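Input: a single structure, listed below in structure tokens.
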Amino acid sequence: MPKRKRRSLERARRIIHTCRMVEERGLNPFNVEVREELETLDDQLGELKSYEELCLDVEAVNMLTKVVKAQKDWLSEEASVFYADPAFIEYKLRKMPTKAIVDVFMRAWKPIACVEEISREKLVEAIEYWNRLKPLKSRWGRFTGGYKPREYIDLEELKRQGIIVDETFYSDLEKILNELKEAYETRRSVSYWSFISGGSFEETVKRAYMLSFLLTYGYAELKKIPLREDYTVAPREPVEVKAPSESLPISIDYERWRELSGGGSFG
């Protein structure tokens, strides 16, 4: 087989493989350059002669049409929830002149108080009120138990209240990270909900809490799966991120946990 034709067939197989990854794993369909791939198939069509080669070309075109449909479905979903990409908004803001940003702000600004409500007379009245107040110590008698002097809290109490993190926290964090690495090496695509789901609702919440630390400090990354209420989570080497971070709140309730676990209890 001529080398040029072999490259053409390999490109067609690569296109089919990429499109299947989008369809089966829920990857971002906009990562596929549909126009460019169609132009590639059109350019090499004259080199294909046999029935099997033409069938391969037709299959590649068919898979690209499925990607286009996935792009349409994704846009429809994002439009239905008025989704706006933070990076796109930031780009638009940077391109806008300062005066235009100020004009938009002034049109949208709804102050909760106006100048008349914090007049000079009200400020004088507030100062007089604070000047009439008795010292704080003399006012403690109105509360049950009276005034209590400041006391020291021991180390165990601070740990119990979560003010100081116990060493077991870091060992649990490392355990979750190792579990994530093992799951990723086995499946390469780890579902967020499947990963945090535990034997009880309490354990599930704890695993989600630990995973949030790994995401915050860059030891893991989270990506949304288009058209599904799920995310993929993967380990990574921590890197210094100079751009501002983004928050992604994910609600975990008892009913959702029961759906994931097929029923269970709080314990």
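Structure summary
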{"quantity": "Filter pass, ARG256 being loosely packed, with under 13 Cβ neighbours inside 10 Å, outside the structural domain of MET21 (by TED's automatic domain parsing), at pLDDT 75 or above and of a type in the set (D, E, K, R)", "calculated": "no"}
{"quantity": "TYR83 modelled with pLDDT under 85 and under 19 Å from ILE225 (Cα atoms)", "calculated": "yes"}
{"quantity": "Test: GLU53 is acidic (Asp, Glu), under 30 Å from LYS223 (Cα atoms) and surrounded by 13 or more Cβ atoms within 10 Å (Cβ to Cβ)", "calculated": "no"}
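Okay, residues lined up against (1) among the small types (Gly, Ala, Ser); (2) at pLDDT below 80:
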position	(1), (2)
ILE164	no, yes
ALA183	yes, no
TRP193	no, no
ALA208	yes, no
VAL233	no, no
PRO238	no, yes
ILE252	no, yes
GLY267	yes, yes
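The values are calculated or read from the model by the stated rules, or taken from the named source; none is laboratory data. Note that the structure is a prediction, hence the values are computed from the model and not measured. As a convention, Cβ positions derive from the backbone with ideal geometry for all residues, glycine included, and neighbour counts pool all protein chains shown.
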